[in-house]
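First comes the structure, then the notes that go with it.
The values are calculated or read from the model by the stated rules, or taken from the named source; none is laboratory data. Since this is a predicted model, take the numbers as computed values, not measurements. Here Cβ is always computed from backbone atoms with ideal geometry, including for glycine, and neighbour counts include all displayed protein chains. Ligands, DNA and RNA are excluded from the accessible area calculation, which covers all protein heavy atoms including side chains. Shrake-Rupley method; radii C 1.70, N 1.55, O 1.52, S 1.80 Å.
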Amino acid sequence: MELPGLAFALWMLICFYASVGGYPNGKVREACTSMIPCHGTSPQLSPEHTITVNGTEFKPGDSIEVHLSGPVFEGFFIQARDAEHLESPALGSFMLSDRRVSQLLTCGRTKNSAVSHTSKAKKKHIKVYWIAPGDAPKRVQFLATVVKKYKTFWVKIPGPIVSQPSALSPTTPLHAISEAVSTSHPVSYLSKPFNASGCGRTKFCIRNPSNCDPESASCFFLSFQQERSSVFIEMSGPGEGYLAFALSHDQWMGDDDAYLCVGEDHGIHTIAAYLKGRSPPVLDSEDALEDVSWRLADGLLQCSFRRSICLPAHKGRFNLDASYYIFLADGEASEGGVIHKHHHQPLITNEMYNVTGKPQDIGGSRSPRLIKAHGALMFIAWITTVSIGVIVARFFKPVWSHSFLFGKEMWFQVHRMLMLTTVMLTSISFVLPFIYRGGWSQQAGFHPYLGCTVMALAIFQSLMAGFRPSRHAARRQLFNWFHWSTGTAARILAVEVIEYDRVQILQSLTSAEAEGRLFKQIVLTIYVCGNIVFLIAFLAAINQI
């Protein structure tokens, strides 16, 4: 067989085997040049589908909206080429409108220079955005291959031609335009909210509240899905300010790898950043993110992007194949995309996770364990032990006046034990926030001042009780008034402090995470038992009266 005949036979053989499966997933890079699917049949002649654009002129860096529409079809392949040389390579780059039905491909050396389908699902309309390159020719034409059925397809359907109004201004260097275009990643627009269908199976998810629906306006959602050497990340939450997550080696803010989606001018700006201490994030001037998409609708701020697992050339970017604590925060952003401090405690995972490891679907807590313990101890001390102690002193004094324990009247010993327990629990609770914060918090409002006042009153009450005069001493009446007023003031202020801690307490008691179950059970047991004792003591006292 002659060489040309052999080459033709090999080409037919390749197409025959390729036609067994075709390209149902849209990975059609082999067809970048010819745009012909190897389906074993000839293309149709009269196209049924049309390509439209939203403008006829462009300048380097401009975005042109491209539509492909017509009768129901399964697959497609879109490129932009030099209108004077249609056999030349694809040029420019595309942005997606809906990554569920379309995907970006790299043809030749130009990244994201083509768009194709993601599955055989039937569709009637596709919208994408084309970004003109800095070295674009004067006239550019859009071409599309459309597959209606396996053996029914059209190749290189001609679309409209767009042109530059004039040559570049001599005062604008071409390399400056190319640099500006290359350093800004393409941005596409999400048409639908995220979903949690793959959580725990194909992607690692964090949801707050646990198991919430990402389409809900009260759900904070963060997912990681590994795709070869990169990770695709989705982040969603209520509000129009900003959302951010960070990877950290500890549960303290600082020296962290952060990523922000900031609402700005009716859009969302996605950028990587680095956290230094509690200072505002240091934005990364280098472009480490790809396939950026966003959506701002229905009270939800949503963004997605892709990041390589390893970025050795980008200082401050952590490798995604290691374990980290994960922070998720939100807050307000003013004009110009300036972000402000988050209103409440960020969500922090209770342990370190590897987002490229086993897929999991976890919750999270906006209260670290130290803060949970702080709230729970204050709750037990000032709702349970101090209340029982007051009931015992008020109602059991006449009942237990002739009963003795360790040489003292029983009511007094029980009262003193409960009050010392209250002081001990309050002291432990008082120290925990300072351990967590590493010092005094300037951002907590009046809460730390009230807490310090309660702690001071509790200690003063204990010291004053140690110098209690005898029952018939002249100063006993004065002591009684000081003892009552100090204790009452402490209890009133403690209630205000506990109200501030209420969210942390509820999260301690209702957390669905396995790691927090033991802590939850301990808090519930102490609280329930304490209130049972309180009820029994109260009923017994009433019965004696």
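Give the accessible area for Lys138 in Å² (nearest 10); use a 1.4 Å probe, count only protein heavy atoms, and leave out ligands, DNA and RNA. Estimated to the nearest 10 Å², Lys138 gives 140 Å². Using a probe radius of 1.4 angstrom, the carbon and sulfur fraction of the accessible surface of the range 331-478 is 65%.
Kindly identify the range 189-291 as rounded, prolate or oblate by the Cα gyration tensor criterion: order the square roots of the eigenvalues as a ≥ b ≥ c, call it rounded if a/c is under 1.5, otherwise compare a/b with b/c, prolate if a/b is larger, else oblate. Rounded. By accessible area, using a 1.4 Å probe on protein heavy atoms only, the range 34-139 has 52% of its surface on carbon and sulfur. A crude spin-label estimate for the pair Lys111 and Ser403, with each label 7 Å from Cα along the Cβ direction, gives 7.9 nm.
Ranking of Arg491, Arg369, Arg228 by solvent-accessible surface, largest first: Arg228, Arg369, Arg491 (1.4 Å probe, protein heavy atoms only, all chains present).
Taking Asp250, Asp213, Asp256, Asp291 and ordering them by how much accessible surface each has at a 1.4 Å probe, largest first, produces Asp213, Asp250, Asp291, Asp256. As a rough guide to protection, the peptides 233-239, 396-402 ranked by mean Cβ packing within 10 Å, highest first, stand as 233-239, 396-402. One decimal place: the segment Leu420-Glu48 gains 125.4 nm when fully extended, by the rule 0.36 nm per residue minus the C-alpha distance. Solvent-accessible area of Glu65, all protein chains in place: 50 Å² (probe radius 1.4 Å, heavy atoms, ligands and nucleic acids excluded). Label-to-label distance for Ser485 and Arg394 is 1.9 nm, based on points extended 7 Å past Cα in the beta-carbon direction.
Each Cα pair under 8 Å and six or more residues apart adds its separation to the average, and for the range 244-356 the resulting relative contact order is 25 percent. For the range 256-388, the per residue solvent-accessible surface stands at 41 Å², with DNA, RNA and ligands left out and a 1.4 Å probe.
If the chain between Val338 and Glu290 were fully stretched, how many nm would it gain, using 0.36 nm times the residue separation less the Cα-Cα distance? If you can, show how the numbers build up before the last one.
Numbers: separation 48, 0.36 × 48 = 17.28 nm, distance 2.27 nm.
Result: 15.0 nm gained on full extension.
Is the shape of the range 234-284 best called rounded, prolate or oblate, per the rule: a/c under 1.5 gives rounded, else a/b larger than b/c gives prolate, else oblate, with a ≥ b ≥ c the square roots of the Cα gyration tensor eigenvalues? Here the range 234-284 falls in the prolate category.
A 30 angstrom limit on the alpha carbon distance is what I want to check against. Which of Lys111/Lys315; Lys122/Lys156; Lys111/Lys138; Lys372/Lys397 exceed it?
Working: Lys111/Lys315 24 Å; Lys122/Lys156 20 Å; Lys111/Lys138 21 Å; Lys372/Lys397 36 Å.
As for pairs spanning more than 30 Å Cα to Cα, those are Lys372/Lys397.
Rolling a 1.4 Å probe over the protein chains gives Ile492 an accessible area of about 100 Å².
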